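Read through the structure below, which is laid out as structure tokens, and then see the notes.
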Amino acid sequence: MGAFAFDSCGLTNSLSKIPGCKMVMLQEAVPLEELWASIEKHWQARQAVAASQAALSDRAQQQRAVQKRLLMRFKDRQPGSLAHLELLLAETFDQLIDLGELLMLISLP
């Protein structure tokens, strides 16, 4: 097997140096299985981050809606029971915290 040279300008089969390109030389075949496994793992991590960000955005929207509804109830002359809104506000806040922590754990470096 011949030597392969990879550089930042593209794959070259000659060992000549091109100015401004970094070169990596391999004496054997490129480990494609490991490369594809690494790419797949990175893709799954990006998908998990995107899903967590979407869920966090949804919970933040829900939090704002509950807060707005609570403010409207406080402005009423005779507000009804606020227990269900207080519970929803607390649960949404807990979910926001949990999703934020999850996102910090799975964020890409």
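What fraction, in whole percent, of alpha-carbon pairs in the stretch 32-106 exceed 15 Å separation? In whole percent, the share of Cα-Cα pairs in the stretch 32-106 beyond 15 Å is 65.
A DSSP coil position with no more than 10 other Cβ atoms inside 10 Å describes the following trypsin sites (Lys or Arg not before Pro) in the stretch 20-109: 22, 77.
Computed from the coordinates by the stated procedures, all read-outs in this text should not be read as laboratory data. Just so we're clear, the structure is a prediction, and the values are computed from it rather than from any experiment. Using ideal geometry, Cβ is built from the backbone for each residue, glycine included, and neighbour counts are taken over all protein chains shown.
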